[in-house]
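Bear in mind these aren't lab numbers, they're just calculated from the coordinates by the rules spelled out. Keep in mind it's a predicted model, so treat the numbers as computed, not measured. Don't worry about glycine lacking a Cβ; one is built from the backbone with ideal geometry, like all the others, and counts go over all protein chains shown.
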Amino acid sequence: MATAAQRRFCRCACFCSQNLYVARYGLHLRFRDEHQLRRDYGQLLRSRGCVTSKDFQQLLEELEQEVGRRRRLGQESAVRKALIASSYHPARPEVYSSLQDAALAPEFMAAAEYSTSPGADLEGLLQRLETVSDYGGGYLDSHRAFVVKYALGQDLDLGCHYDNAELTLNVALGKDFTGGALYFGGLFQAPAALKETLEVEHVVGSGILHRGGQLHGARPLCKGERWNLVVWLRASAVRNRLCPMCCQKPELVDDEGFGDGFTREEPTTVDVCVLT
């Protein structure tokens with residue numbers, strides 16, 4: 001089998017047609033063209049205030065811009081990666097190279113496992129590898145990493161959602177803040193998944209590893225500024241069979257880099273029963 005660096009990754013076509021959020025109307029929409037939008041959402045949009053032709057035209061333009069942005073993400077990511085590669089010179093290349101090679105190795109995934117014991121050592125975390133593997137950890141072959149910021153006068157919280165990943169690693173980078181606790185419910189497929197929630201205070205320098213399909217969100221920030229590194233960890237052996245966003249067999253579209261973690265070839269099989 002080809003390594004992750006050699007394989008061609010894809011996204012599901014639903015990325016550019018579903019889960020398009022329009023804050024003005026508080027709706028997540030599917031969008032393919034104007035006729036479909038009017039047919040599927042005309043009455044609902046009118047009830048939310050999209051009444052005039054101008055309102056609808058603005059909505060169309062907003063959706064088309066978002067679809068265009070999503071289609072360009074892979075190419076723009078490749079450009080940024082090339083720019084960084086040409087201008088960044090690590091102080092210790094041998095360390096930088098080893099971290100790249102180990103990024104999705106089982107040992108790395110085990111070390112990323114969430115521990116409720118502050119200051120737990122690497123050896124203790126490594127012992128959790130078997131647990132991580134039960135949720136796709138032994139099959140992870142791609143990832144997407146990004147930084148989110150919460151600050152007064154900007155984004156203060158994040159509504160309940162689930163991630164496009166098998167596992168999510170969320171690390172608090174800083175700065176000084178109060179509030180903004182994370183809350184967790186059950187899996188998004190489960191009825192009444194948010195009846196009972198678990199709240200976890202974020203501690204700078206600590207990370208939380210959780211199921212991507214687990215419903216979660218962030219309570220409002222009360223004071224200061226909070227930056228988080230979020231890494232979506234993906235297993236093509238799982239998602240090639242069912243896209244977690246449209247809940248259907250993925251309609252594959254070639255993409256740059258890791259795409260959304262889908263592949264056209266068949267990876268090592270995994271019993272998806274343990275992941276649902």
Worksheet item: TYR88 to ARG71: extension gain in nm, 0.36 nm per residue of separation minus the Cα-Cα distance?
Response: 3.4 nm
Discussion item. Could you sort the peptides 233-244, 200-211, 70-81, 9-20 by per-residue average Cβ neighbour count (10 Å cutoff), highest mean leading?
Written reply: 233-244, 9-20, 200-211, 70-81
Worksheet item: Along the Cα-to-C-beta direction of THR197, a point sits 7 Å from the Cα; which residues of segment 217-240 have their amide N less than 14 Å from that point?
Response: 217-221
Worksheet entry | In nm, spacing of pseudo-spin labels at TYR183 and GLN43 (7 Å Cα→C-beta vector) | 3.2
Discussion item. At 0.36 nm per residue, and after removing the present C-alpha to C-alpha distance, how many nm does the segment from CYS247 to ARG264 gain when stretched out fully?
Written reply: 4.3 nm
Fill in: Radius 10 Å from Cβ of TRP232, net charge of other residues (Lys, Arg +1; Asp, Glu -1)
-1
Worksheet item: For VAL204 and SER53, what is the calculated FRET efficiency with R₀ set at 51 Å and r taken between the beta-carbons, to the nearest 0.05?
Response: 0.55
